[in-house]
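Quick notes on the structure that follows.
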Amino acid sequence: MKRFVFSLVLAIIVSMSFIQAGSGDNDSQNKAHEAAKDTDIQACVSACGLPSDLDFSDRTFPIERSDQEWRTLLSEISYQVARKHKTEPPFQNPYFDNKELGYYACVGCEAPLFSSLDKYDSGTGWPSFSQAIDDRLVAQQVDNSFGMRRIEVHCALCGSHQGHLFPDGPKPNFTRFCINSASLKFVPAASKALLRTAILEWYQTEKNLAQ
Ligand code: FE
């Protein structure tokens, strides 16, 4: 665990720089974006709305809790979405239209996964982000359920299901993280500077990983 934490703390500045530096256009990205533009928005909504069929019960994560502990910690809908890979209804969730400044933490462990600075209105009815704060905290898993190939995303620390990743997001990354509000906990910030400070403080606080 300490090695994991040490790695996170040392790499945060590099990670932030990577997020900034990784925003350049290239031919393959532009081609992918052009292809994604042809995607029917209704198809996107349908793909978002389908639950994940993945089962993480045989996996281990840095933060582990019993099923009873998860049921006690989470609301019913957060338990069903984050732990059972269900999907909440579009436009009927607390954060899809939230425009406040702040970050979105994992509902299961409070790791800072997404920033309001990367949130945009995708029109799907779910919170949508162009990128994660730190790709190491948002793990990906191929999801072949329902006859389609999707990329499921979950918290790398506690395994809580977050949503799916699609290639039809805005420039420059062209990625859209379609996330369930039920998997998130919004932490408001009074300014961009305080938002950055709050995120960095999480990395400096080992207690978040020692549960
Ligand atoms: Fe988590």
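Checked against (1) on the phi < 0 side of the Ramachandran plot; (2) crowded, with 16+ Cβ neighbours inside 10 Å, His85 passes all but condition (1). Please go through region 135-150 and give me each residue that is modelled with pLDDT of 95 or more and not in a helix (DSSP H, G or I), ordered by number. Within region 135-150, Val138, Ala139, Gln140 meet the criteria. The single residue among Pro188, Pro167 that is within 18 Å of the chain's Cα centre (by Cα) and over 22 Å from Ser78 (Cβ atoms) turns out to be Pro167.
A Cβ distance below 6 Å, combined with a sequence gap of six or more or placement on separate chains, defines the contacts here; from region 86-108, residues that are more than 9 Å from Trp126 (Cβ to Cβ) reach no residue that is at pLDDT below 95 and surrounded by fewer than 12 Cβ atoms within 10 Å (Cβ to Cβ).
Being part of a strand (DSSP E or B) and either on the phi > 0 side of the Ramachandran plot or touching a residue at least 24 places away in the same chain (Cβ under 8 Å) (or both) holds for only one residue in Leu165, Leu157, Leu117, and it is Leu165. Any idea which residue in region 110-123 is farthest from the ligand (Cβ to nearest atom), counting only those that are surrounded by fewer than 21 Cβ atoms within 10 Å (Cβ to Cβ) and more than 10 Å from Asp97 (Cα to Cα)? Of everything passing the filter in region 110-123, Leu117 is farthest from the ligand (Cβ to nearest atom).
Of the residues in region 181-201, none is assigned to a loop (DSSP other than H, G, I, E, B) and either within 16 Å of the ligand (Cβ to nearest atom) or free of Cβ contacts under 8 Å to residues at least 24 places away in the same chain (or both). Scanning region 93-119 for residues that are more than 21 Å from Tyr79 (Cα to Cα) and out of contact with any Ser or Thr (no Cβ under 6 Å at 6 or more places or on another chain) returns Asp97, Asn98, Lys99, Glu100, Ser115, Ser116, Leu117, Lys119.
The values are calculated or read from the model by the stated rules, or taken from the named source; none is laboratory data. If you're wondering where the values come from, they're calculated on a predicted model, not measured in any experiment. Neighbour counts are summed over all protein chains in view; Cβ atoms, including those assigned to glycine, are modelled from backbone coordinates with ideal geometry.
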